[in-house]
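Right, one structure below, let's go through it.
Every number in this text was worked out from the coordinates using simple rules, so none of it is lab data. Since the model is a prediction, treat every value here as computed from it, not as a measurement. Cβ: placed from backbone, ideal geometry, glycine included. Neighbour counts: every protein chain shown.
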C-alpha cells in the first residue's frame, strides 16, 4: 500500500474525474465502484482491480480484506479520511473505492446467444431505474440488457451503487439505436415486445412470451417512439387496477421480467 497525503496526486485526480465525468469514463474505459459490498462482489466475480483506494480508517479496520484486494490490484493507495471523503460520491463514505475496467460486452455483441429473455432500455434517464433493471435482471435470470447510448450512463456512481452488485453479473451491451437494433438484429432471432400504454397492447399475463424474447422499455417521460414501437413484433401493457395510470420504467420492467421468467 502507498500512503498519499496530497490531493494533487495524479492518481487521485484521475479518480476524481472518473467519479464526476461520463466522457472521461468513456475515454479511459474505466469506472469507480465504491463500498464494502462492491469489494466482496469483485472478489467473488474474480474481477481485476486497476486501483484500490482506502481511507486510513478503513485500512486499519479491514487489514485482511485490504490485503486480499491489494493482491489483485495494479495500484493500492491509502489516503487521509478527509481526502477520501472529498473523492467519494456518497454522503457517508465507507472508506473504500475501486477503479475497474468497463464491463459491457458491446465488443462481443455479434456473438450473443439469443436463446433466452432480454431487456432493452431506450433513452432511460433515471439512474435509479437502470439500477433497478439490473437488479431485477439478475433476480429473474435475464440473459442480457441492451442500453441505448442516449440513456443515463450505466457507469455513473449512482447506477453502480444502486445495482447492488448486479452490474458485475448481468451481461449488458451499449447500442446506438433501439429501432435499428430491433429491426436489423433481434427480430432475426426472436420476438420483440414494446412496453407501452396503447389500447392495442397485449395485457401482461394473458399470453406467454416467446422462448427468445426482448422487452423494450422507453423514456420515463415520453415512453417509446412510434418508430420503435412499430419495429417491435408486439406491444405489451402492465394491467393496473388502481387509479394510477402508469408505472416508472424500473418498476414496469421488473414486473415484465418477472412474468417473462415464469414463461421459462
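Annotations for the structure displayed:
- Calculated Kirkwood radius over Cα pairs in Å (choose from [x] 19.6; [y] 22.5; [z] 18.5), label: [x]
- Efficiency of FRET between residue 64 and residue 258 - r from beta-carbon atoms, R0 45 angstrom, step 0.05: 0.70
- The chain, relative contact order in percent, only Cα pairs under 8 angstrom and at least six apart counted: 19 percent
- Modelled spin-label separation between residue 91 and residue 198, with each label point placed 7 Å from Cα along the Cα-to-Cβ direction: 4.2 nm.
- For the chain, the longest principal axis of the C-alpha atoms and the axis of helix 36-45 are separated by about 70°.
- For 196, 39, order by how many other beta-carbon atoms lie within 10 Å, fewest first: 196, 39
- A straight line joining the Cα centroids of the range 61-140 and the range 1-33 runs 14 Å.
- Compared with the direct C-alpha span, the chain from residue 233 to residue 208 gains 7.6 nm at full extension, assuming 0.36 nm per residue.
- With Cα atoms, 0 to 90° folded angle of helix 127-139 axis to the chain main axis: 80 degrees
- Relative contact order of the range 2-101, defined on C-alpha pairs under 8 angstrom at six or more residues apart (%): 42 percent
- FRET efficiency for residue 8 and residue 28, using Cβ-Cβ distance with R0 set to 22 Å, rounded to 0.05: 0.70
- Counting neighbouring beta carbons within 10 Å and listing from fewest to most, the residues 97, 257, 1 come out as 1, 257, 97.
- Helix-only CD estimate at 222 nm, as mean residue ellipticity for the chain, using -39500 (n - 2.57) per DSSP H run (n ≥ 4): -10000 deg cm²/dmol
- Pairwise label distance in nanometres, residue 46 with residue 108, each label 7 Å out on the Cα-Cβ vector: 1.3 nm
- For 254, 92, the sequence from fewest to most other C-beta atoms within 10 Å is 92, 254.
- Estimated distance in nm for a label pair at residue 188 and residue 222, the labels positioned 7 Å out from Cα along Cα-to-Cβ: 2.9 nm
- Note on residue 81 and residue 241: the extension gain reaches 52.5 nm, defined as 0.36 nm multiplied by sequence separation minus the Cα-Cα distance.
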